[in-house]
Amino acid sequence: MPVSHLTMVERIARVLAGRALSVNADGDDPSAGPSVDETWHEYTDDALSILRTMREPDPVMAAAGDPDMWERMVEAALNVERAVGSA
């Protein structure tokens, strides 16, 4: 399985920025990549809120795997962001 080199929070924030800026979603920029690179930090709070919501798997997710492992993985992603934010 591929492993991303970006934190989960950054990945979510980049998606949110892309949705806001790109003409392919809600924005008007036909080439939003550079703008996303510059502004994704502005979406970090929203990304953290989404990630906090994802701590508890739904029944379908729980049936597919280990719900305790899922919670630990999401908590690990949140802890990385806490460590980065406090540095």
**Study point:** In region 50-63, the residues that are surrounded by 11 or more Cβ atoms within 10 Å (Cβ to Cβ) and more than 18 Å from residue 3 (Cα to Cα)
**Key:** 50, 52, 54, 55, 56, 57, 61, 62
Review point. Taking the stated definitions as given, is residue 81 of a type in the set (Asp, Glu) and modelled with pLDDT of 95 or more?
Key: no
Exercise for review: May I ask you to say which residue of 35, 31 is touching a Ser or Thr at 6+ places or on another chain (Cβ under 9 Å), hydroxyl-bearing (Ser, Thr, Tyr) and not in a helix (DSSP H, G or I)?
Suggested key: 31
Point to revise | Residue match in region 17-36 (condition: touching a helix residue (DSSP H, G or I) at 6+ places or on another chain (Cβ under 7 Å) and closer than 16 Å to residue 75 by Cα) | key: no
Review point. From the residues in region 46-59 that are part of a helix (DSSP H, G or I) and either hydrophobic (A, V, I, L, M, F, W, C) or in contact with a helix residue (DSSP H, G or I) (Cβ under 9 Å, 6 or more places away or on another chain) (or both), which one is nearest to residue 83 (Cα to Cα)?
Key: 48
Review point. With 20, 47 as the choices, which residue is crowded, with 16+ Cβ neighbours inside 10 Å, within 13 Å of the chain's Cα centre (by Cα) and in contact (Cβ under 8 Å) with a residue 12 or more places away in the chain?
Key: 47
**Study point:** Flag if residue 73 is out of contact with any helix residue (DSSP H, G or I) (no Cβ under 8 Å at 6 or more places or on another chain) and surrounded by 13 or more Cβ atoms within 10 Å (Cβ to Cβ)
**Key:** yes
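The values are calculated or read from the model by the stated rules, or taken from the named source; none is laboratory data. Since this is a predicted model, take the numbers as computed values, not measurements. Positions of Cβ are backbone-derived with ideal geometry, glycine not excepted, and every protein chain shown enters the neighbour counts.
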